[in-house]
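Presented below is the structure to which this report refers.
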Amino acid sequence: MVAQDSFRDYVAARLVSLSRAAFLLTGDRHLAEDLVQQALIQVASRWEKISAGGDPDPYVRRVLYTQHVSWWRRHRLIDRPHAVPPDVVVADRAHDTDTELTVRQALRRLTPKQRAVLVLRYFEDLTEAQTAEVLGLSVGTVKSNTRDALARLRAVAPELEDLREAR
């Protein structure tokens with residue numbers, strides 16, 4: 001029972017962060033929910049061992065990112081429509097929304113590995129070493145994937161440079 005309570009507490013504390021990362025990876029709210037659910041199912045079966053080793057976050061993130069890459073490999077030939085972002089009543093954030101859409105569209109133009117590296121490095125704010133650990137890559141591979149992903153973004157989405165200069 002203690003392990004179940006510990007797992008519930010962990011999920012309650014980290015669900016929003018995991019969902020945000022999954023959404024950035026998939027670009028689709030429903031696929032992100034499925035990805036988080038699939039990752040948490042996998043983690044739940046090993047929770048006692050995972051939580052006994054200290055901080056479970058690196059392991060859970062690694063499961064999330066590897067599940068995404070595996071899912072993408074299995075389904076990459078199937079064209080799936082993207083969900084329309086939900087209508088939410090908020091203060092006028094037209095510029096923020098434009099920026100968000102531009103970033104989301106740009107991330108879709110990257111490979112899943114490149115997207116995972118950028119999400120971990122710049123949205124999850126992990127170091128190169130932490131990103132390498134989560135993805136099971138070497139630090140050099142993380143650096144080269146980051147470099148290649150940023151170069152690809154500059155090539156396919158030059159409007160992002162305009163956003164950066166506007167800040």
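Each reported figure results from applying straightforward, stated rules to the coordinates on display, with no laboratory input. Just so it is clear, the structure is predicted and the values come from calculations on it, not from any experiment. Every residue, glycine among them, receives a Cβ derived from its backbone with ideal geometry; neighbour counts consider all protein chains shown.
Taking label points 7 Å from Cα along the Cα-to-Cβ direction, Arg46 and Phe123 give a separation of 2.4 nm.
Summing charges over neighbours of Glu133, with a neighbour being any other residue whose Cβ is under 13 Å away from its Cβ, gives -1 when K and R count +1 and D and E count -1.
By the beta-carbon count within 10 Å of each Cβ, the least crowded to most crowded order of Lys143, Lys49, fewest first, is Lys49, Lys143.
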